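One structure is given below, encoded as structure tokens.
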Amino acid sequence: MKINLTINGKKYSPDVEPRLLLIHYLRDVAGLTGAHIGCETSLCGACTIEVNGKSVKSCSMFAVQADGADVLTIEGLAQDGKLHAMQEAFWNQHGLQCGFCTPGMIMACKAILDHNPNPSDDEIRHGIEGNLCRCTGYQHIVNSVKAAAAAGAGK
Amino acid sequence: MIPQTFEYTAPKTLDEAMVLLEGGGKPLAGGMSLIPMMKLRLATPEHLIDLGRIKDLDYIREAAGELHIGATATHSSVENSALVKAKCPLLAAAAGAIGDPQIRNVGTMGGSVAHADPAADYPAALQALEAKIVIRGAKGERTVSAADFFVDAFTTTLDAGEVVREVVVPVEQAGTGTSYMKMPQPASGFAIVGVAVRVRRGGGKITLARIGVTGLSNIGYRASAAEKALEGSAGTADDIMKAAALVTQGVDANSDLHASAEYRKHLASVYAARAITAAASKA
């Protein structure tokens, strides 16, 4: 089935099987391997991306459901070689250890600030409930979001 | 994990969808339960009818003292709706307790209700709100109460070819306090036990008590014995404890690896006491 979608500002018009999951399209067809496949059961959040400005788990959505959508993945955050403020904050605050959860975690953290530019610790923790870090580095992730907020990353 | 092959159609109108559903298609709303089930091949529909492109199903509006929530309104739109927060805060609280932000951005009211997961959050609130479910079928529409809609785990009164069109809840009267409290399974966020409470006071007494419980049994239910104990009482801490002890009366509690039946019943009373106390403090 032919679909049209925009990913990180670039247009794609693939012919996909209805059962192709969006994460598999992004990674295996479009070659965007930033979003990760962790649990594949919509619990871990490693595959988090934005579809039409809302954070979603791309392992639990068919590519055909994104027909006509504007998709943003971790690869689309940096602009002109300059990291997004949330990426910069993760870098500076040691918001990652092994890095596996990081692409999804950064997308989820960006979504927190998009709706709430100055979240409390509780609001940050509530906002990343759908993302698991098996290194358990949550405190530094919370610090990263606070640093990004202080740097004005929220809309 | 790759689902079995299927045909996919995304109609633009409900009328088109009804024709396709009558032909044996399986409705897809947000897919937050259906897609994981398809990946595990617990569900193998041959034809998916995506309701996500039907604009007429995505709404939240007020009419004649009630709120109407369209089937494809997402949990996050219910949670964040100024209308729902002001006029039916219990429903907004239940929506905000579902899963996680990404799930709430995609999962829908109609999909959750039709799926009838025994550990879902909405059933507790819908029972306490005495909500109505509007069902669209080939022969027209019918409306059933939440009490009659949920039949068993993953089983509702929906017949083949029927879909949930909207959920209707009352606009909360002034002076009503509400609360939804749950013990979530830490990874999935599903309710091990969840209790939704509405309490109204008048003349120094509790004049109305509605208590919905989810997670404990195969379906969300109204804890009638606890409601009766609370109504007419002064709503003291002692009255609340006595009522909370009754929320599991006559109920067959589920047992699984997350919680034994005995522990679930204990949790239900604890969370009922907390939710009644919170609701009563706002009434």
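Just so you know, all these numbers are worked out from the coordinates, no wet-lab data involved. This is a predicted model, so every value here is computed, not measured. Cβ atoms come from the backbone with ideal geometry, glycine included; neighbour counts cover every protein chain shown.
May I ask you to derive the relative contact order of chain B, considering only C-alpha pairs under 8 Å and at least 6 residues apart, and to give it as an integer percent?
Computed value for chain B: 16 percent relative contact order.
Residue by residue through A:53-65, how many Cβ atoms from other chains fall within 10 Å of the Cβ on average?
6
Find the all-direction average of the projected area of the Cα convex hull for the protein assembly as shown, expressing the result in square nanometres with one decimal place.
Quarter of the Cα hull surface area: 21.2 nm².
Hey, can you grab everything whose amide H is under 5 Å from the amide H of B:Ile192? Only 5+ residues off in sequence or another chain; H modelled, so Pro and N-termini drop out.
The answer is B:Met183, B:Gln185.
Would you please report the Å³ per residue occupied by the convex hull of the alpha carbon atoms in chain B?
120
For n ≥ 4 DSSP H runs only, could you compute -39500 (n - 2.57) per run for chain A, divide by its residues and tell me the 222 nm figure to the nearest 500?
-8000 deg cm²/dmol
Treating the Cα atoms of the stretch B:15-76 as identical point scatterers in vacuum, please give the log10 of the normalised Debye intensity I(q)/I(0) at q = 0.16 Å⁻¹, two decimals.
-0.62
What does the charge count near B:Met181 come to, summing +1 for each Lys or Arg and -1 for each Asp or Glu among other residues with Cβ under 14 Å from its Cβ?
+3
Cα centroids of the stretch A:40-83 and the stretch B:195-215: how far apart, whole angstrom?
42
Pairs A:Lys2/B:Lys182; B:Lys182/B:Lys205; A:Lys54/B:Lys85; B:Lys55/B:Lys228; B:Lys55/B:Lys87: which are spaced more than 32 Å apart, C-alpha to C-alpha?
Pairs exceeding 32 Å: A:Lys2/B:Lys182; B:Lys55/B:Lys228.
Note down the relative contact order for the stretch B:96-172 as a percent, whole number, built from C-alpha pairs under 8 angstrom at least six residues apart.
After rounding, I find 34 percent.
Where does the charge balance sit around B:Ser112 when Lys and Arg score +1, Asp and Glu -1, over other residues with C-beta under 15 Å from its C-beta?
-3
Could you give me D for the stretch B:178-226, from Stokes-Einstein at 4 °C and 1.567 mPa s, where the hydrodynamic radius is the Kirkwood radius over C-alpha pairs? Units µm² s⁻¹, please.
My calculation gives 109 µm²/s for D.
Using just the helices of chain B, give the 222 nm mean residue ellipticity in deg cm²/dmol: DSSP H runs with n ≥ 4 each add -39,500 (n - 2.57), and the total is spread over all residues, rounded to 500.
-9000 deg cm²/dmol
Any idea what % of Cα-Cα pairs in the stretch B:7-50 are farther than 13 Å?
51
Stokes-Einstein D for chain A at 25 °C, 0.890 mPa s, Kirkwood Rh over Cα pairs, in µm²/s?
Diffusion coefficient, whole number: 158 µm²/s.
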